[in-house]
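What follows is calculated from the coordinates using simple rules that are stated; it is not laboratory data. Owing to the predicted nature of the structure, the values given are computational and were not obtained by experimental measurement. As a convention, Cβ positions derive from the backbone with ideal geometry for all residues, glycine included, and neighbour counts pool all protein chains shown.
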Amino acid sequence: MFSLKSKYQDYTDEQLVQLMVSGNSAAFNQLYQRYSQRLLYYFYRMLGNSNEKAQDFLQDIFIKLIDKAMTFDPSQKFTTWIFCIAHNMCKNEYRRMDIRKDVAIESYTDQLLDDEEPCIEEQAVDMEQFTKNVFEELESFDEMHKTAFLLRYREGFSVKDIGQILEISEGTVKSRLFYTRKRLAERLVKYKQAPF
């Protein structure tokens, strides 16, 4: 019987990129397997929850990976590098579509606070509904805050890595995360303790 396990599963991302540069398509396939779902989700959330656009961007980023693999510095982390490319693709799309809208955050907060829904205090939080509400609210945030939040709480990047991806200081990352968490907590007051 043949083993379904590929010998490339044990390689680091950085090693796989180096193999790609030398023309190894199996290394590319392994990177695709590792990152396609994460990147698809990231694009989906960053590009207005459009599955079609997310799929297009996923295809584009892997084409970029093939084209730019030789520019990758193997002393750096691949995840930071690939998400930096993904972030820049989204930024370019926002520019292209001229999406530069100011969000009236206070009006959303006021609407939420005016609701007559009872506060969920001692009941267990329905995590599925909570997560859905978080992402609905997150859609009203600007790209800078939404990106930092997704990279930290969805992708698990460190503050330092997020700073590298977004090309901003760690202090700015912390500020954006603090602001986003604070505003989300205000908007989701019916959940007594938000898990972020």
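Report the net charge of residues surrounding Tyr35, where surrounding means a beta-carbon distance below 12 angstrom and charges are Lys +1, Arg +1, Asp -1, Glu -1. Combined, the nearby Lys, Arg, Asp and Glu give 0. Model label points for Ser36 and Arg154, set 7 angstrom from Cα along the Cα-to-Cβ axis, are 1.9 nm apart.
Sorting Glu93, Glu52 by the number of Cβ atoms found within 10 Å of their own Cβ, with the fewest placed first, yields Glu52, Glu93.
For region 1-64, applying the loop criterion from DSSP together with a ceiling of 13 other beta carbons within 10 Å to the trypsin sites (Lys or Arg not before Pro) yields Lys5. As a proxy for reagent exposure, Met97, Met20 were ordered by neighbouring Cβ count within 10 angstrom, fewest first; the result is Met97, Met20. Note on Ile61, Ile162: ascending count of other Cβ atoms within 10 Å places them as Ile61, Ile162, the fewest first.
Sequentially through region 169-174, phi angles give Karplus couplings (6.51, -1.76, 1.60; θ = phi - 60°) of 6, 4, x, 5, 4, 4 Hz, Gly and Pro residues having no value and appearing as x. Between Ser140 and Tyr94, the distance separating the two model label sites (each 7 Å from Cα on the Cα→Cβ line) works out to 1.8 nm.
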